[in-house]
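Right, one structure below, let's go through it.
The values are calculated or read from the model by the stated rules, or taken from the named source; none is laboratory data. Values in this document were obtained by computation on a predicted structure and should not be read as measured data. Note that each Cβ is placed from the backbone with ideal geometry, even for glycine, and that neighbours are counted across all protein chains shown. Note: areas computed on protein heavy atoms with side chains; ligands, DNA, RNA excluded. Shrake-Rupley method; radii C 1.70, N 1.55, O 1.52, S 1.80 Å.
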Amino acid sequence: MYDEKEERRMAKGERFILLGVLGVLGVLGILGSCSKQTAVVERPAFNADSAYAYIEGQMAFGPRVPNSKAHNDCAVWLIQQLRAKGAKVELQRGQMPDYRGNMQQIYNIIAHFSTPEIDARPRILLGAHYDTRPWCDEEADYADRYYNVPGANDGASGVGVLMEIGRQLGQRIADSTLRTPVDIVFFDVEDMGTPRFYTGIEREDTWCLGSQLWAENYVKSERVKELKSERYRFGIVLDMVGAPDASFPRELYSTQYAKNYQQQIWRAAEQLGYGALFNQQQSYPITDDHYYVNYIAGIPCVDIIHYDISNGTGFASWWHTRNDDMSNISRSTLQAVGEVVMSQL
Ligand SMILES: [Zn+2]
């Protein structure tokens, strides 16, 4: 039978033992801190200058609007760069209907960082979209809506951070220190969702076409059926991660589908000293590539996305405007995001 008094006594006894242990640990801690001044977590290697250069490199092509020469040239360049780092790269092609029902060509870039010794281990998925939005439909001036978004933050920033992470992973392959296989996926046609000026019905599934295609292919793939287990432990998607005044609250779909991983990432950010950037606010659910990785592929996936709860749209003032350029990219934000993602690999 349940004896409450006994339980209380036990608890008290345990508390004494616990206090004793804590006391010893405290002394050890004081002694330890004299000899070791370093932080609790090791700061992972990440070079923001390299990430910045990869953003500039993408911007040099011009807006990477799907089916444009700039988009295709940028894709070729990214593939070459990934291969040079030691990744096995595949181009996944397909078609998905856009907001008018017209089929859009999709080219997802998938880079595998692995070695034969570790290849059977569950992988980590890192993603960002590399396309840019064809319309500046958040411009105050209606005449500006048909300009392409330059996409320094909305597109290039996530890819830039992941290219530098790819460089770090390539180094690990060369040094034989890579422990977990990582796939970096550059999703295509994320940002062609129903434009504001469209008078027809707005559909939410017109966003993130590349990740929808990727996730559908993933669940159909023979390898997944064969393994009958999770090929990926978890995923992280980066979107708009370069602004000097960035704010990364906890995005709600990530909380719903991948709460443990979100907590783990935000805790790491805090330990690395980026608790103000990766803050404790909860954002609304955002339809970004991670949503389909969660919803269709069933892989727990966390979105790191610039979101300002105090702003009307929830997004920054440059979002989907002609101002989404290099003036809104900060090396210190890239450094923070890069280190936090690297701490999970
Ligand atoms: Zn966008």
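Pairing the Cα long axis of helix 252-271 with the longest principal axis of the chain, what angle in degrees results, from 0 to 90 and rounded to the nearest 10?
60 degrees
Using the per-residue mean of other Cβ atoms lying within 10 Å as a proxy for protection, in what order, highest first, do the peptides 96-106, 50-60 fall?
Peptide ranking by packing, descending: 50-60, 96-106.
Have a look at Y274, Y292, Y146 and tell me which one the Gaussian network model of the chain (Cα, springs below 10 Å) gives the largest fluctuation.
Among Y274, Y292, Y146, the largest mean-square fluctuation in the Gaussian network model of the chain belongs to Y146.
If I take every Cα pair under 8 Å that is 6 or more residues apart in the range 219-345, average their sequence separation and divide by the length, what percent do I get for the relative contact order?
The normalised contact order for the range 219-345 reaches 37 percent.
Using only the alpha-carbon atoms, how far is helix 4-35 inclined from the longest principal axis of the chain? Give it as 0 to 90 degrees, nearest 10.
Value to nearest ten degrees: 70.
Which of the peptides 68-79, 241-252, 297-308, 195-206 is most tightly packed, and how do the rest follow, judged by the mean count of other Cβ atoms within 10 Å per residue?
Put in order of decreasing packing, that is 297-308, 241-252, 68-79, 195-206.
Can you list, largest first and rounded to whole Å, the semi-axes you get for the chain by taking the square root of 5 times each eigenvalue of its Cα gyration tensor?
In descending order, the three semi-axes are 38, 23, 22 Å.
From the square roots a ≥ b ≥ c of the eigenvalues of the alpha-carbon gyration tensor of the range 149-228, which class results: rounded (a/c under 1.5), prolate (a/b over b/c), or oblate?
oblate
For the range 65-148, which GluC sites (Glu not before Pro) are both in a DSSP coil and crowded by at most 12 other Cβ atoms within 10 Å? Write down the numbers at each step before the final one.
Numbers: sites: E90, E117, E138, E139; in loops: E117, E138, E139.
Answer in residue order: E117.
What is the percent carbon and sulfur in the accessible area of the chain, measuring with a 1.4 Å probe over the protein chains and ignoring ligands?
The C+S portion of the solvent-accessible surface of the chain is 52 percent.
Based on alpha-carbon positions alone, could you give the equivalent ellipsoid semi-axes of the range 146-185 from the gyration tensor, as √(5λ), descending, whole Å?
Over the Cα atoms of the range 146-185, the semi-axes work out to 30, 9, 5 Å.
Suppose only helical runs count, i.e. DSSP H with n ≥ 4. What mean residue ellipticity at 222 nm does that imply for the chain under -39500 (n - 2.57) per run, divided by all residues and rounded to the nearest 500 deg cm²/dmol?
Numbers: 9 runs with 135 residues, N = 345.
Estimated from H runs of four or more residues: -13000 deg cm²/dmol.
If you take the square roots of the eigenvalues of the alpha-carbon gyration tensor of the range 190-303 and sort them as a ≥ b ≥ c, do you get rounded (a/c under 1.5), prolate (a/b over b/c) or oblate? Mind showing how you got there, number by number?
Working: a/c = 2.42, a/b = 1.11, b/c = 2.18.
Note, shape of the range 190-303 comes out oblate.
State the antiparallel share, in %, of DSSP beta bridges confined to the chain, rounding to the nearest 5.
Approximately 45 percent, going by the DSSP bridge assignments.
Can you give the accessible area per residue of the range 169-304, in Å², using a 1.4 Å probe?
Averaged over the residues of the range 169-304, the accessible area is 43 Å².
Can you order the peptides 185-194, 167-176 by their average number of other Cβ atoms within 10 Å per residue, highest first?
The most tightly packed comes first, giving 185-194, 167-176.
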